[in-house]
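The values are calculated or read from the model by the stated rules, or taken from the named source; none is laboratory data. In this text, all values refer to a predicted model and were calculated from it rather than measured experimentally. Don't worry about glycine lacking a Cβ; one is built from the backbone with ideal geometry, like all the others, and counts go over all protein chains shown. Just the protein is used for accessible areas: all its heavy atoms, side chains included, with ligands, DNA and RNA removed. Shrake-Rupley method; radii C 1.70, N 1.55, O 1.52, S 1.80 Å.
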Amino acid sequence: MADLVTSSTEDSSVPSAGGPTAPAAWRSAARRRAGTPRASIGSGRAARLRWIVGAATLAALAVGAVLLPWLGGLDERVLDYAAVRRPPGPDHLFGTDETGRDLLLLAFAGLRVSLLVAVLCAVVSTMLGAVVGAVSGAVGGWTDRLLMRLVDTVNAVPHLLLGIVIVALYRGSLTAVVASIALTHWTTVARIVRSEVLSLRQRPYIDAAISGGASRWRVVRRHLLPAVVPQAAISAVLLLPHAVWHETALSFLGLGLPPHMASIGNILGDGRDAVLLGAWWIVVLPSVLLIVATLAVSGVAATWRDRLVPRRRSELAL
Amino acid sequence: MLTGAGLVAGYTRGHPVLSGVDVEVRPGEVLGMAGPSGCGKSTLARVLTLLLAPWAGEVRLDGAPVRRFRHAAPREQRTAVGVVFQQPRLSVDPRFTLREVVAEPMLASGRAGDVADRVDELADQVGLTAELLRRRPHEVSDGQLQRACLARALSLRPRYLVCDEMTAMLDASTTAALVRVVNAHVESTGAGVLAISHDDSLLGVWADRVMRLAP
């Protein structure tokens, strides 16, 4: 409660301090106002901590993924049958797997592949969703109804099941995995973009643009698409962790990336039997790395979302 | 001449807002339109600016009947009628600078010539400085924004101009300034103006004729 009271007095002082010549003050005020009711999520020490820890972890993982193969002159693909299933120790920080590969290197290589797949999935599904949503919202009528029923249909089928079908049709490859995840996850973006376009379409400035001679396509290009970019970008980033898990699940089931490509899912799938022989680290340590990475990505994404959305609100001066 | 005959229009089926309205905007004349809230002033404005298709009746633009509305209307017909709305805040894209707001119709309709020069000329007419043209909507006042909206409406030299409660949000001096700009446009181009307002005293001094819409 105390938080709410202090922030409201701050807000009331803003117009006198700001005025039309101080847009920056307005913006920060709007951001503060929007963040206040959800202080534990949107602003304050917890959010700053989440941002710092998330960004630092991501940076450390990125540096590790790039530098590790160079540092020891090691290759994650090197098999060493003299050192099979070694527990974590000074030689192998994460231990070794069933064929004597260094798990630390393998896990980082897997993370690299997983994040690549996730970024591709997020970009493809967001673009697909944005196009479907924009067309649905801008054209309306039967097109809208058909596309939205398509969204419902895709949503009604379990994502993993649909993904498995797509991978089964096109063999395990990077393209198939990306397609199977992207084709099942564009629906959320489509809904968000559609509702955004529907509300924008009613604005008088769209009427003014039509009156000024703008074509349908120009209205979409100049007014509607730029307005949905922030929302779509946030959806894309929030999709990243989810896509990583999907890829892992598919690879774990043996339906994802081909076995020679390191991926966390492949490592876990291969290590399943080794657990019974006591080699817990083959499953546990790469999983921990995966969890840390996805938490870091979603932490950064959430901070970005909280900062972006209030700013848009203040630009509309609502 | 911009005319509407027997116009019936509305938003909910079975509940027309306009039921059989006749209106005639003559070149070189300011036609005032008054009436209480909800009587259909804005709906009539949207029909006459070709932004809303009437359910019945006919709109004629310089004698030619208008059969298609919004995007379907030919660009020459759409741009022949300029429009200024009541709320400047909602009438401009929040991402545009005022310069982009004013230039957009010229770019959208592919008008040849130097757009930048024309924007400067229009800004001078409506009283916007070069510095204001660089700002975005949230950085200017309602009055300054409405000046930009008027400049935008005049940018294609429309033969008719519909001002839908253009001055309702503005103070007296800004109102007077914008009315002078519209009058200058009428004098120099012989355009016809439909001035919608609920302010009888304003219409008394501004309009050549005043028409009343019954609720």
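Below, the figures for the structure above:
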read-out: Contacts under 7 angstrom Cβ, first residue in the stretch A:179-194 being within 10 Å of A:Leu239 (Cα to Cα) and small (Gly, Ala, Ser), partner open to solvent by 10 Å² or more (accessible area, probe 1.4 Å) and at pLDDT below 90, 6 or more apart; value: none
read-out: From B:Ala130, B:Ala151, residue being among the aliphatic types (A, V, I, L, M), away from chain A (no Cβ under 11 Å) and open to solvent by 50 Å² or more (accessible area, probe 1.4 Å); value: B:Ala130
read-out: Residue check, A:Ala274 within 15 Å of A:Ala62 (Cα to Cα), modelled with pLDDT of 80 or more, out of contact with any His (no Cβ under 8 Å at 6 or more places or on another chain) and in a helix (DSSP H, G or I); value: no
read-out: Residues of the stretch B:19-42 satisfying the condition of being among the hydrophobic types (A, V, I, L, M, F, W, C) and either open to solvent by 50 Å² or more (accessible area, probe 1.4 Å) or touching a Phe, Trp or Tyr at 6+ places or on another chain (Cβ under 9 Å) (or both); value: B:Val25, B:Val30
read-out: Residue match in the stretch B:76-83 (condition: among the small types (Gly, Ala, Ser), more than 25 Å from A:Val229 (Cα to Cα), more than 8 Å from chain A (Cβ to nearest Cβ) and out of contact with any Cys (no Cβ under 6 Å at 6 or more places or on another chain)); value: yes
read-out: The stretch A:121-143 residues that are surrounded by fewer than 20 Cβ atoms within 10 Å (Cβ to Cβ), paired with ones that are among the hydrophobic types (A, V, I, L, M, F, W, C) (beta carbon under 6 Å, 6 or more apart); value: A:Val124/A:Ala182; A:Leu128/A:Trp186
read-out: Residues of the stretch B:89-105 satisfying the condition of being open to solvent by less than 60 Å² (accessible area, probe 1.4 Å) and either small (Gly, Ala, Ser) or more than 9 Å from every other protein chain (Cβ to nearest Cβ) (or both); value: B:Ser91, B:Thr97, B:Leu98, B:Val102, B:Ala103
read-out: Complete set of residues in the stretch B:43-56 that are within 14 Å of chain A (Cβ to nearest Cβ) and either open to solvent by less than 20 Å² (accessible area, probe 1.4 Å) or in a strand (DSSP E or B) (or both); value: B:Thr43, B:Ala45, B:Val47, B:Leu48, B:Thr49, B:Leu50, B:Leu51
read-out: Subset tally (residues that are of a type in the set (D, E, K, R), more than 21 Å from A:Arg222 (Cβ to Cβ) and free of Cβ contacts under 8 Å to residues at least 12 places away in the same chain) for the stretch B:121-161; value: 3
read-out: So A:Ala279, is it surrounded by fewer than 21 Cβ atoms within 10 Å (Cβ to Cβ), of a type in the set (Gly, Ala, Ser) and away from chain B (no Cβ under 14 Å); value: no
read-out: Conditions (1) more than 9 Å from chain A (Cβ to nearest Cβ); (2) out of contact with any helix residue (DSSP H, G or I) (no Cβ under 6 Å at 6 or more places or on another chain); (3) within 25 Å of A:Trp217 (Cα to Cα); number of the one not met by B:Pro65; value: (3)
read-out: Boolean, B:Arg180 is more than 22 Å from B:Asp93 (Cβ to Cβ), surrounded by fewer than 18 Cβ atoms within 10 Å (Cβ to Cβ), among the basic types (Lys, Arg) and in contact (Cβ under 8 Å) with a residue 24 or more places away in the chain; value: no
read-out: Among the residues listed as A:Val189, A:Val157, A:Val135, the single one being modelled with pLDDT of 85 or more and closer than 30 Å to B:Ser42 by Cβ; value: A:Val135
read-out: Test: residue in the stretch A:183-198 that is within 29 Å of the chain's Cα centre (by Cα) and of a type in the set (Asp, Glu); value: yes
read-out: Residue in the stretch B:106-122 that is outside any helix (DSSP H, G or I), acidic (Asp, Glu), within 13 Å of chain A (Cβ to nearest Cβ) and out of contact with any Cys (no Cβ under 6 Å at 6 or more places or on another chain) present; value: no
read-out: Some residue of the stretch B:111-118 being closer than 26 Å to B:Ser197 by Cβ, open to solvent by less than 60 Å² (accessible area, probe 1.4 Å) and in contact (Cβ under 8 Å) with a residue 12 or more places away in the chain; value: no
read-out: Flag for A:Thr99 being modelled with pLDDT under 85 and touching a Leu at 6+ places or on another chain (Cβ under 9 Å); value: yes
read-out: Residue in the stretch A:156-163 that is surrounded by 17 or more Cβ atoms within 10 Å (Cβ to Cβ), in contact (Cβ under 8 Å) with a residue 60 or more places away in the chain and assigned to a helix (DSSP H, G or I) present; value: yes
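Listed here are the residues, each with its yes/no results for (1) closer than 20 Å to A:Leu200 by Cβ; (2) within 14 Å of another protein chain (Cβ to nearest Cβ).
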position: A:Ala227; (1), (2): yes, yes
position: A:Ala233; (1), (2): yes, no
position: A:Thr248; (1), (2): no, no
position: A:Leu255; (1), (2): no, no
position: A:Met261; (1), (2): no, no
position: A:Asp270; (1), (2): no, no
